[in-house]
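Q: Input: one structure, supplied below.
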């Protein structure tokens, strides 16, 4: 189907007001600590004051923080330079060089005689080889949605991709090494962000039901993103917010729940729980609340979380859950069947003490 204005990510002020109201009154807003309080307060305010299109175009932190926009790799690098003291004296020269690379993507001026287009093609090829190695469905068999006003895409054989899309495909392939998704009925994701992981899994496995749980501003963003892609498959937020037991009937549906209502999820059938860079931003006690519920109804748990509690210092948090806490909470019920460093297509995923990809299976 060709993209149209009706299928673009759009605004729903009434829904936004309802989700933010539930988030505030549900008490889980108080689970935030340190710098995350200001982060989500600002995110909420900008969603109210501006359209989603404007917020995406301005690459506000709330949206970039959940991979809700596809920025030019050059612009991402330039943004990172602002906080790099080692490059202060040569920032102007670096900016000129990066601007030249962006304007001349075929120019082989990078180390090893590489161009920006070479990097794009290499990232795609690495993902493709990774999937072939493990027998996963090919990335070439699905199309990336462009409903979210992407700023930068690159083309492979006439199809458009972004680095963020490749990253989430890479994570999907990792999961498929251990999970036969054809035998799974449900995916529960805590902190789905903009729903980019959901997009990929659902396009490969349209029979799956999704239960998505997040903080108010992010939940609204995710709802509107996925509504633009899968309008026929959404279960309205209004229908789940006051339901004591949320069990999706049928197949291929997406339900959204505020994080205060996580205890109301009661899926039927085999279930995979997903958490990517989410539990590590919680205190151990808060993470326990989510893991207690989700581990009781899940057969597999896929995590990308930090080994140590370095996010505590990054966001001035009161405390932050880490790998030791996850072992303490899960070891009696689950077996950690794989753990390895998390990767972007072209680099290791660093920060917060180092991210790890983990797959847990009910023991």
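Q: Working from Cα positions, state the angle (0 to 90°, nearest 10) between the long axis of helix 116-134 and the longest principal axis of the chain.
A: 40
Q: Turning to a different aspect of this structure: What percent antiparallel are the DSSP beta bridges of region 184-362, to the nearest 5?
A: Roughly 40 percent of the DSSP beta bridges within region 184-362 come out antiparallel.
Q: What percentage of all Cα-Cα pairs in region 187-340 are separated by more than 27 Å?
A: Summing the P(r) tail past 27 Å for region 187-340 gives 21 percent.
Q: Where a ≥ b ≥ c are the square roots of the eigenvalues of the C-alpha gyration tensor, would you call region 304-363 rounded, which needs a/c under 1.5, or, failing that, prolate if a/b is larger than b/c, or oblate?
A: Oblate.
Q: Tell me, in nm to one decimal, what length is gained between residue 141 and residue 54 on full extension, where the rule is 0.36 nm per residue of separation less the Cα-Cα distance?
A: Here the segment from residue 141 to residue 54 would lengthen by 28.2 nm.
Q: Right, something else. Considering only C-alpha atoms, what is the centroid distance from region 313-343 to region 1-62, in Å?
A: 28
Q: Taking 8 Å as the Cα distance limit and 6 or more residues as the minimum spacing, I'd like the relative contact order of the chain as a percentage.
A: About 17 percent, as a whole number.
Q: A further question follows. Based on alpha-carbon atoms only, what is the radius of gyration of region 63-219 relative to the globular estimate 2.2 N^0.38 Å?
A: That works out to 1.19 for region 63-219.
Q: Something else now. Listing 30, 118 from the residue with the fewest other Cβ atoms within 10 Å to the one with the most, what is the order?
A: 30, 118
Q: Same structure again: Ratio to report: Rg/Rh of region 130-205, with Cα atoms as the point set and Rh obtained by the Kirkwood method; give two decimals.
A: My calculation of the ratio gives 0.95.
Q: Here is a follow-up. Can you sort 207, 223 from fewest to most other Cβ atoms within 10 Å of each residue's own Cβ?
A: If I rank by nearby Cβ atoms, fewest first, I get 207, 223.
Q: Follow-up. Rounded to the nearest 500, what is the 222 nm mean residue ellipticity of the chain from helices alone, with -39500 (n - 2.57) per DSSP H run of 4+ residues and division by all residues?
A: Taking each H run of at least 4 residues, the total per residue is -12000 deg cm²/dmol.
Q: Between helix 216-229 and the chain, what is the angle of the helix's C-alpha long axis to the longest principal axis, kept within 0 to 90° and rounded to the nearest 10?
A: 70
Q: Sort out for me the Cα centre separation of region 222-243 from region 67-136, rounded to whole Å.
A: The distance from the Cα centre of region 222-243 to that of region 67-136 comes to 35 Å.
Q: What are the equivalent ellipsoid semi-axes of the chain, built from the alpha-carbon gyration tensor (square roots of five times its eigenvalues), in whole angstrom, biggest first?
A: In descending order the semi-axes read 31, 23, 23 Å.
Q: Further question: If you restrict to DSSP beta bridges whose two residues both lie in the chain, what percentage is antiparallel, to the nearest 5?
A: Antiparallel bridges: around 45 percent, rounded to the nearest 5.
Read the figures in this text as sums done on the coordinates, not as results from a lab. For clarity, every value in this text was computed on a predicted model and none was experimentally measured. Note that each Cβ is placed from the backbone with ideal geometry, even for glycine, and that neighbours are counted across all protein chains shown.
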